[in-house]
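Engineer: Before I ask anything, here is the structure I am working with.
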Amino acid sequence: MNNLIIDINGLNKYFAAEHIVKNLTVQVAQGEIFGVLGPNGSGKTTAIRMMCGLLSPSSGQGRCMGLDIIKDKEKIKKSVGYMTQYFSLWGALSVRQNLTFVARMYQLQHPDARVEEVMAQFALTERQHQLARTLSGGWKQRLSLAACLIHSPKVIFLDEPTAGVDPAARQVFWRELYRIAAQGVTILVSTHYMDEAERCNNLAYIAKGRVLIQGKPNDIINSQKLYSWEIAGRDLPALEKRLLANTEIAHVCQRGNLLYITARQELPLAEMIEKFQPGYQICRCPLSLEDIFSCLSKGSTLIEAC
Ligand SMILES: Nc1ncnc2c1ncn2[C@@H]1O[C@H](COP(=O)(O)OP(=O)(O)OP(=O)(O)O)[C@@H](O)[C@H]1O
Ligand SMILES: [Mg+2]
(Lines give C-alpha, C1' and ligand atoms only; values in the text may rest on other atoms or scores of the structure.)
(Ligands and ions follow the chains in the order given, each with its own letter.)
Protein backbone atom coordinates (compact mmCIF):
# COMPACT_ATOMS: atom_id res chain seq x y z
CA MET A 1 0.00 0.00 0.00
CA ASN A 2 1.33 3.46 -0.89
CA ASN A 3 1.33 6.51 1.38
CA LEU A 4 1.10 4.59 4.63
CA ILE A 5 0.55 7.00 7.48
CA ILE A 6 0.18 4.27 10.10
CA ASP A 7 2.21 1.11 9.64
CA ILE A 8 2.16 -1.17 12.68
CA ASN A 9 3.71 -4.62 12.80
CA GLY A 10 3.35 -7.29 15.46
CA LEU A 11 2.64 -4.98 18.39
CA ASN A 12 2.13 -6.53 21.83
CA LYS A 13 1.20 -5.00 25.16
CA TYR A 14 1.27 -6.67 28.55
CA PHE A 15 -0.08 -5.11 31.72
CA ALA A 16 1.71 -7.20 34.39
CA ALA A 17 1.14 -10.78 33.20
CA GLU A 18 -1.97 -9.90 31.17
CA HIS A 19 -1.44 -10.02 27.41
CA ILE A 20 -3.75 -7.16 26.37
CA VAL A 21 -2.80 -6.46 22.74
CA LYS A 22 -1.64 -9.45 20.71
CA ASN A 23 0.47 -9.21 17.59
CA LEU A 24 -1.33 -6.15 16.24
CA THR A 25 -0.62 -5.40 12.59
CA VAL A 26 -2.44 -2.45 11.04
CA GLN A 27 -1.78 -0.35 7.98
CA VAL A 28 -3.62 2.87 7.22
CA ALA A 29 -3.17 4.93 4.05
CA GLN A 30 -3.25 8.70 3.87
CA GLY A 31 -6.73 10.24 3.87
CA GLU A 32 -8.36 6.98 4.89
CA ILE A 33 -10.94 6.54 7.64
CA PHE A 34 -9.94 3.37 9.45
CA GLY A 35 -12.34 1.91 12.01
CA VAL A 36 -11.43 -0.16 15.05
CA LEU A 37 -14.21 -2.26 16.53
CA GLY A 38 -14.38 -4.78 19.32
CA PRO A 39 -16.13 -5.61 22.58
CA ASN A 40 -15.47 -3.70 25.82
CA GLY A 41 -12.01 -4.48 27.13
CA SER A 42 -10.78 -5.90 23.82
CA GLY A 43 -7.79 -3.53 23.74
CA LYS A 44 -8.90 -0.75 21.36
CA THR A 45 -7.84 2.14 23.60
CA THR A 46 -4.57 0.42 24.51
CA ALA A 47 -3.83 -0.13 20.80
CA ILE A 48 -4.65 3.48 19.93
CA ARG A 49 -2.46 4.81 22.74
CA MET A 50 0.49 2.78 21.47
CA MET A 51 -0.02 3.97 17.89
CA CYS A 52 0.03 7.64 18.87
CA GLY A 53 3.07 7.48 21.12
CA LEU A 54 1.30 7.67 24.49
CA LEU A 55 2.08 4.14 25.59
CA SER A 56 5.16 2.00 25.00
CA PRO A 57 4.52 -1.40 23.47
CA SER A 58 5.99 -4.47 25.19
CA SER A 59 7.24 -5.68 21.80
CA GLY A 60 6.75 -5.13 18.11
CA GLN A 61 7.32 -2.08 15.96
CA GLY A 62 5.53 0.55 14.02
CA ARG A 63 5.61 3.93 12.35
CA CYS A 64 3.17 6.79 12.49
CA MET A 65 3.67 9.53 9.87
CA GLY A 66 7.04 7.93 9.13
CA LEU A 67 8.15 8.30 12.77
CA ASP A 68 9.09 5.34 14.96
CA ILE A 69 6.39 4.79 17.60
CA ILE A 70 9.02 3.85 20.19
CA LYS A 71 12.03 6.08 19.49
CA ASP A 72 10.10 9.12 18.24
CA LYS A 73 7.08 8.93 20.51
CA GLU A 74 7.57 12.48 21.85
CA LYS A 75 7.49 13.86 18.30
CA ILE A 76 4.45 11.76 17.42
CA LYS A 77 2.56 12.96 20.51
CA LYS A 78 3.08 16.58 19.45
CA SER A 79 2.06 16.07 15.85
CA VAL A 80 -1.03 13.86 15.95
CA GLY A 81 -4.51 14.71 17.18
CA TYR A 82 -5.98 12.47 19.87
CA MET A 83 -9.55 12.58 21.09
CA THR A 84 -9.82 10.58 24.28
CA GLN A 85 -12.64 8.14 25.00
CA TYR A 86 -14.13 10.33 27.72
CA PHE A 87 -14.59 14.11 27.50
CA SER A 88 -11.28 15.53 28.64
CA LEU A 89 -11.57 19.26 28.12
CA TRP A 90 -12.25 21.70 30.95
CA GLY A 91 -15.90 21.93 31.93
CA ALA A 92 -15.45 25.19 33.81
CA LEU A 93 -13.94 26.92 30.77
CA SER A 94 -15.93 28.29 27.84
CA VAL A 95 -15.68 26.88 24.32
CA ARG A 96 -13.32 29.68 23.33
CA GLN A 97 -11.20 29.37 26.48
CA ASN A 98 -10.79 25.64 25.95
CA LEU A 99 -9.66 26.09 22.36
CA THR A 100 -7.34 28.95 23.26
CA PHE A 101 -5.78 26.88 26.03
CA VAL A 102 -5.12 23.97 23.65
CA ALA A 103 -3.80 26.31 20.93
CA ARG A 104 -1.32 27.79 23.44
CA MET A 105 -0.29 24.35 24.63
CA TYR A 106 0.73 23.58 21.07
CA GLN A 107 2.55 26.92 20.98
CA LEU A 108 0.81 28.00 17.78
CA GLN A 109 2.17 31.24 16.33
CA HIS A 110 -1.25 32.85 15.97
CA PRO A 111 -3.45 31.05 18.49
CA ASP A 112 -6.32 33.56 18.45
CA ALA A 113 -6.67 33.51 14.66
CA ARG A 114 -6.60 29.71 14.63
CA VAL A 115 -9.26 29.54 17.36
CA GLU A 116 -11.52 31.82 15.29
CA GLU A 117 -10.94 29.64 12.23
CA VAL A 118 -11.66 26.36 14.00
CA MET A 119 -14.75 27.77 15.75
CA ALA A 120 -16.11 28.89 12.38
CA GLN A 121 -15.36 25.49 10.80
CA PHE A 122 -17.21 23.62 13.50
CA ALA A 123 -20.06 26.13 13.90
CA LEU A 124 -18.92 26.83 17.47
CA THR A 125 -18.69 30.61 17.18
CA GLU A 126 -22.23 31.18 18.43
CA ARG A 127 -21.51 29.06 21.48
CA GLN A 128 -18.04 30.43 22.15
CA HIS A 129 -18.95 31.82 25.58
CA GLN A 130 -20.86 28.75 26.77
CA LEU A 131 -19.16 26.70 29.50
CA ALA A 132 -18.07 23.33 28.13
CA ARG A 133 -19.83 21.44 30.91
CA THR A 134 -23.17 22.91 29.83
CA LEU A 135 -22.87 21.68 26.22
CA SER A 136 -24.95 18.70 25.09
CA GLY A 137 -23.13 15.43 24.32
CA GLY A 138 -23.05 16.11 20.58
CA TRP A 139 -21.62 19.63 21.01
CA LYS A 140 -19.03 18.43 23.52
CA GLN A 141 -17.81 15.97 20.90
CA ARG A 142 -17.67 18.69 18.25
CA LEU A 143 -15.63 20.85 20.62
CA SER A 144 -13.29 17.92 21.32
CA LEU A 145 -12.86 17.30 17.60
CA ALA A 146 -12.12 20.99 17.01
CA ALA A 147 -9.54 20.92 19.83
CA CYS A 148 -7.93 17.81 18.44
CA LEU A 149 -7.50 19.52 15.04
CA ILE A 150 -6.29 22.89 16.31
CA HIS A 151 -2.63 22.26 15.43
CA SER A 152 -3.58 20.97 11.94
CA PRO A 153 -2.42 17.36 12.46
CA LYS A 154 -2.10 15.04 9.47
CA VAL A 155 -3.47 12.11 11.44
CA ILE A 156 -6.06 12.00 14.19
CA PHE A 157 -7.00 9.21 16.59
CA LEU A 158 -10.60 9.32 17.80
CA ASP A 159 -11.48 6.92 20.60
CA GLU A 160 -15.24 6.27 20.55
CA PRO A 161 -15.96 9.89 19.64
CA THR A 162 -19.71 9.39 19.26
CA ALA A 163 -20.46 7.18 22.28
CA GLY A 164 -23.78 8.27 23.77
CA VAL A 165 -24.44 10.81 21.02
CA ASP A 166 -27.84 10.81 19.26
CA PRO A 167 -28.12 9.60 15.62
CA ALA A 168 -28.63 13.06 14.12
CA ALA A 169 -25.56 14.47 15.91
CA ARG A 170 -23.56 11.37 14.92
CA GLN A 171 -24.49 11.97 11.30
CA VAL A 172 -23.28 15.58 11.52
CA PHE A 173 -20.09 14.38 13.20
CA TRP A 174 -19.43 11.89 10.39
CA ARG A 175 -20.06 14.57 7.76
CA GLU A 176 -17.23 16.49 9.45
CA LEU A 177 -15.01 13.41 9.40
CA TYR A 178 -15.51 12.97 5.65
CA ARG A 179 -14.76 16.64 5.11
CA ILE A 180 -11.56 16.37 7.15
CA ALA A 181 -10.49 13.14 5.41
CA ALA A 182 -11.11 14.76 2.00
CA GLN A 183 -8.49 17.35 2.99
CA GLY A 184 -5.96 14.53 3.33
CA VAL A 185 -6.16 13.98 7.09
CA THR A 186 -5.95 10.31 8.08
CA ILE A 187 -8.48 9.23 10.69
CA LEU A 188 -8.34 6.20 12.95
CA VAL A 189 -11.59 5.90 14.86
CA SER A 190 -12.87 3.33 17.34
CA THR A 191 -16.59 2.70 17.63
CA HIS A 192 -19.21 0.25 18.81
CA TYR A 193 -21.75 1.41 16.22
CA MET A 194 -22.26 -0.83 13.21
CA ASP A 195 -23.56 1.99 10.99
CA GLU A 196 -20.28 3.79 11.70
CA ALA A 197 -18.28 0.65 10.88
CA GLU A 198 -19.99 0.65 7.48
CA ARG A 199 -18.94 4.26 6.94
CA CYS A 200 -15.22 3.45 7.29
CA ASN A 201 -12.97 2.83 4.27
CA ASN A 202 -11.29 -0.03 6.13
CA LEU A 203 -11.74 -1.56 9.52
CA ALA A 204 -10.31 -4.05 11.98
CA TYR A 205 -12.34 -6.09 14.44
CA ILE A 206 -10.48 -6.89 17.67
CA ALA A 207 -11.48 -9.42 20.33
CA LYS A 208 -9.42 -10.26 23.41
CA GLY A 209 -6.57 -8.17 22.05
CA ARG A 210 -6.31 -9.95 18.70
CA VAL A 211 -7.44 -8.68 15.29
CA LEU A 212 -9.92 -11.26 14.05
CA ILE A 213 -10.58 -9.68 10.70
CA GLN A 214 -9.70 -6.57 8.77
CA GLY A 215 -10.63 -5.18 5.40
CA LYS A 216 -13.17 -3.02 3.62
CA PRO A 217 -16.68 -3.43 5.08
CA ASN A 218 -18.09 -4.93 1.87
CA ASP A 219 -15.13 -7.28 1.43
CA ILE A 220 -15.61 -8.48 5.01
CA ILE A 221 -19.29 -9.18 4.33
CA ASN A 222 -18.68 -10.86 0.97
CA SER A 223 -15.80 -13.02 2.17
CA GLN A 224 -17.67 -14.78 4.96
CA LYS A 225 -19.09 -18.24 4.49
CA LEU A 226 -22.08 -17.49 6.63
CA TYR A 227 -25.79 -17.76 5.89
CA SER A 228 -28.53 -15.64 7.38
CA TRP A 229 -32.29 -15.70 7.64
CA GLU A 230 -35.00 -13.52 9.10
CA ILE A 231 -38.04 -14.96 10.80
CA ALA A 232 -41.38 -13.35 11.56
CA GLY A 233 -44.05 -14.84 13.79
CA ARG A 234 -45.30 -15.03 17.34
CA ASP A 235 -43.31 -15.47 20.56
CA LEU A 236 -39.90 -14.88 19.00
CA PRO A 237 -38.08 -15.07 22.41
CA ALA A 238 -39.27 -18.68 22.80
CA LEU A 239 -38.11 -19.53 19.29
CA GLU A 240 -34.78 -17.79 19.96
CA LYS A 241 -34.25 -19.95 23.05
CA ARG A 242 -34.84 -23.14 21.06
CA LEU A 243 -32.60 -22.05 18.19
CA LEU A 244 -29.78 -21.03 20.54
CA ALA A 245 -29.66 -24.62 21.75
CA ASN A 246 -28.88 -25.79 18.22
CA THR A 247 -25.11 -26.04 17.73
CA GLU A 248 -25.42 -25.61 13.95
CA ILE A 249 -26.65 -22.06 14.52
CA ALA A 250 -23.89 -19.54 15.17
CA HIS A 251 -25.89 -16.48 16.15
CA VAL A 252 -29.50 -15.56 16.95
CA CYS A 253 -30.67 -12.01 17.57
CA GLN A 254 -34.08 -10.36 17.73
CA ARG A 255 -34.38 -6.92 16.17
CA GLY A 256 -37.86 -5.48 16.43
CA ASN A 257 -40.44 -7.92 15.10
CA LEU A 258 -37.90 -10.15 13.39
CA LEU A 259 -35.51 -12.82 14.56
CA TYR A 260 -32.19 -12.98 12.70
CA ILE A 261 -30.33 -16.27 12.42
CA THR A 262 -26.76 -16.82 11.24
CA ALA A 263 -25.26 -20.23 10.53
CA ARG A 264 -21.95 -21.44 9.13
CA GLN A 265 -23.68 -23.72 6.66
CA GLU A 266 -26.83 -23.89 4.56
CA LEU A 267 -29.59 -25.28 6.79
CA PRO A 268 -33.14 -26.50 6.12
CA LEU A 269 -34.24 -23.88 8.65
CA ALA A 270 -37.91 -23.78 7.58
CA GLU A 271 -38.23 -27.55 8.08
CA MET A 272 -36.36 -27.44 11.39
CA ILE A 273 -38.63 -24.71 12.76
CA GLU A 274 -41.81 -26.26 11.34
CA LYS A 275 -41.02 -29.41 13.34
CA PHE A 276 -41.21 -27.77 16.72
CA GLN A 277 -43.59 -24.88 15.98
CA PRO A 278 -45.40 -24.20 12.68
CA GLY A 279 -46.61 -20.82 11.44
CA TYR A 280 -43.42 -18.76 11.03
CA GLN A 281 -42.42 -16.83 7.90
CA ILE A 282 -38.79 -17.53 7.11
CA CYS A 283 -36.70 -15.96 4.39
CA ARG A 284 -33.03 -15.48 3.56
CA CYS A 285 -31.55 -12.03 4.25
CA PRO A 286 -28.23 -10.28 3.63
CA LEU A 287 -25.47 -10.70 6.21
CA SER A 288 -24.76 -7.71 8.41
CA LEU A 289 -21.43 -6.73 9.97
CA GLU A 290 -23.04 -7.18 13.38
CA ASP A 291 -23.89 -10.82 12.58
CA ILE A 292 -20.33 -11.43 11.39
CA PHE A 293 -18.70 -9.81 14.41
CA SER A 294 -20.99 -11.69 16.78
CA CYS A 295 -20.04 -14.98 15.12
CA LEU A 296 -16.35 -14.06 15.22
CA SER A 297 -16.53 -13.21 18.91
CA LYS A 298 -17.91 -16.66 19.58
CA GLY A 299 -14.78 -18.13 18.05
CA SER A 300 -16.11 -19.31 14.72
CA THR A 301 -13.70 -19.71 11.84
CA LEU A 302 -13.32 -16.70 9.62
CA ILE A 303 -12.25 -16.03 6.09
CA GLU A 304 -9.80 -13.15 5.72
CA ALA A 305 -11.13 -10.24 3.70
CA CYS A 306 -8.64 -8.68 1.31
N1 LIG B 1 -3.01 0.86 32.54
C2 LIG B 1 -3.56 -0.34 32.64
N3 LIG B 1 -3.15 -1.23 33.57
C4 LIG B 1 -3.68 -2.47 33.67
N5 LIG B 1 -4.65 -2.92 32.85
C6 LIG B 1 -5.11 -2.09 31.90
C7 LIG B 1 -4.60 -0.76 31.74
N8 LIG B 1 -5.23 -0.16 30.70
C9 LIG B 1 -6.10 -1.07 30.23
N10 LIG B 1 -6.04 -2.22 30.95
C11 LIG B 1 -6.83 -3.44 30.70
O12 LIG B 1 -6.64 -3.80 29.35
C13 LIG B 1 -7.84 -4.33 28.80
C14 LIG B 1 -8.17 -3.57 27.53
O15 LIG B 1 -8.54 -2.27 27.88
P16 LIG B 1 -8.87 -1.17 26.80
O17 LIG B 1 -9.27 0.06 27.53
O18 LIG B 1 -7.75 -1.04 25.83
O19 LIG B 1 -10.13 -1.82 26.05
P20 LIG B 1 -11.18 -1.15 25.05
O21 LIG B 1 -11.32 -2.09 23.91
O22 LIG B 1 -10.79 0.25 24.75
O23 LIG B 1 -12.53 -1.19 25.92
P24 LIG B 1 -13.81 -0.21 25.87
O25 LIG B 1 -14.62 -0.58 24.65
O26 LIG B 1 -14.53 -0.50 27.13
O27 LIG B 1 -13.31 1.22 25.81
C28 LIG B 1 -8.90 -4.22 29.89
O29 LIG B 1 -8.99 -5.47 30.53
C30 LIG B 1 -8.32 -3.18 30.83
O31 LIG B 1 -8.76 -3.40 32.14
MG1 LIG C 1 -11.65 2.05 25.07
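Engineer: Quick check: Cα centre of segment 1-37 to Cα centre of segment 226-285, how many Å?
Structural biologist: A separation of 37 Å, based on Cα centres.
Engineer: Now, a different point. Could you tell me what % of all Cα pairs in segment 1-43 have separations over 12 Å? Show your work: numbers first, answer last.
Structural biologist: Numbers: 613 of 903 pairs.
When every Cα pair of segment 1-43 is considered, 68 percent fall beyond 12 Å.
Engineer: Please find, in a Gaussian network model of the chain (springs between Cα atoms separated by less than 10 Å), the residue of V252, V95, V185 whose mean-square fluctuation is greatest.
Structural biologist: It is V252.
Engineer: So, one more: Compute the distance from the alpha-carbon center of segment 194-211 to that of segment 77-129, in whole Å.
Structural biologist: Cα centroid to Cα centroid, the span is 29 Å.
Engineer: Give me the Kirkwood hydrodynamic radius of segment 224-297 in Å, from all C-alpha pairs, to one decimal place?
Structural biologist: Numbers: mean 1/r = 0.0817 Å⁻¹.
Final number for the Kirkwood radius of segment 224-297 is 12.2 Å.
Engineer: Now, a different point. Between E271, E74, E32, which gets the highest mean-square fluctuation from a Gaussian network model of the chain, Cα cutoff 10 Å?
Structural biologist: Result for the chain, Cα springs under 10 Å: E271 fluctuates most.
Engineer: Quick one: which of K75/K298; K275/K298; K44/K298; K13/K298; K73/K298; K22/K78 span more than 29 angstrom between C-alpha atoms? All intermediate terms of the calculation are to be shown ahead of the outcome.
Structural biologist: Values: K75/K298 40 Å; K275/K298 27 Å; K44/K298 18 Å; K13/K298 23 Å; K73/K298 36 Å; K22/K78 26 Å.
Table pairs above 29 Å Cα-Cα are K75/K298; K73/K298.
Engineer: Ok, one more. GNM on the chain, C-alpha springs below 10 Å: top fluctuator among R199, R49, R179?
Structural biologist: Result for the chain, Cα springs under 10 Å: R179 fluctuates most.
Engineer: Just want the answer: with Cβ charges of +1 for Lys and Arg and -1 for Asp and Glu, which residue in I249, L93, C64 is farthest toward the dipole's positive end in the chain?
Structural biologist: L93
Engineer: Once you place label points 7 Å from the Cα toward the Cβ at S88 and R264, how far apart are they in nm?
Structural biologist: My value for the distance between the label points is 4.0 nm.
Engineer: Against the empirical 2.2 N^0.38 Å scaling, what ratio does the C-alpha Rg of segment 149-306 come to? Mind dumping the intermediate values first?
Structural biologist: Numbers: Rg = 18.7 Å, N = 158, 2.2 N^0.38 = 15.1 Å.
Relative to the 2.2 N^0.38 Å estimate, segment 149-306 comes out at 1.24.
Engineer: In deg cm²/dmol, rounded to 500, what helix-only [θ] at 222 nm does the chain give when every DSSP H run of at least 4 residues adds -39500 (n - 2.57) and the total is split over its residues?
Structural biologist: Working: 11 runs with 104 residues, N = 306.
Only helices count here, giving -10000 deg cm²/dmol.
Engineer: To continue, here is another question. May I ask you to give the solvent-accessible area per residue for the chain, in square angstrom, as obtained with a 1.4 angstrom probe? Walk me through the intermediate numbers first.
Structural biologist: On the way: 14830 Å² over 306 residues.
Accessible area per residue, the chain: 48 Å².
Engineer: Tell me, what are the semi-axes, in whole angstrom and largest first, of the equivalent ellipsoid of the chain as set by the roots of 5 times the Cα gyration tensor eigenvalues?
Structural biologist: On the way: eigenvalues 329, 112, 49 Å².
The answer is 41, 24, 16 Å, longest axis first.
Engineer: Once you order the gyration tensor axes a ≥ b ≥ c over the Cα atoms, which shape class does segment 87-152 get: rounded for a/c under 1.5, otherwise prolate or oblate by comparing a/b with b/c? Don't skip to the end; give the middle numbers.
Structural biologist: Details: a/c = 1.69, a/b = 1.49, b/c = 1.14.
The shape class here is prolate.
Engineer: Tally up the carbon and sulfur contribution to the accessible surface of the chain as a whole percent, 1.4 Å probe, everything protein left in place. Provide the component values of the computation, followed by the final result.
Structural biologist: Working: 7460 of 14830 Å².
Answer for the chain is 50 percent, counting heavy atoms of protein chains only.
Engineer: Further, regarding this structure: Just to be sure I follow: if Rg is taken over the C-alpha atoms of segment 1-123 and Rh is the Kirkwood radius over the same atoms, what is Rg/Rh? Please report the intermediate quantities before stating the final value.
Structural biologist: On the way: Rg = 16.7 Å, Rh = 16.3 Å.
Radius of gyration relative to Kirkwood radius: 1.02.
The values are calculated or read from the model by the stated rules, or taken from the named source; none is laboratory data. Computed from a predicted structure; not experimentally measured. Every residue, glycine among them, receives a Cβ derived from its backbone with ideal geometry; neighbour counts consider all protein chains shown. When the accessible area is computed, the model is the full protein with side chains, heavy atoms only, and any ligands, DNA or RNA have been set aside. Shrake-Rupley method; radii C 1.70, N 1.55, O 1.52, S 1.80 Å.
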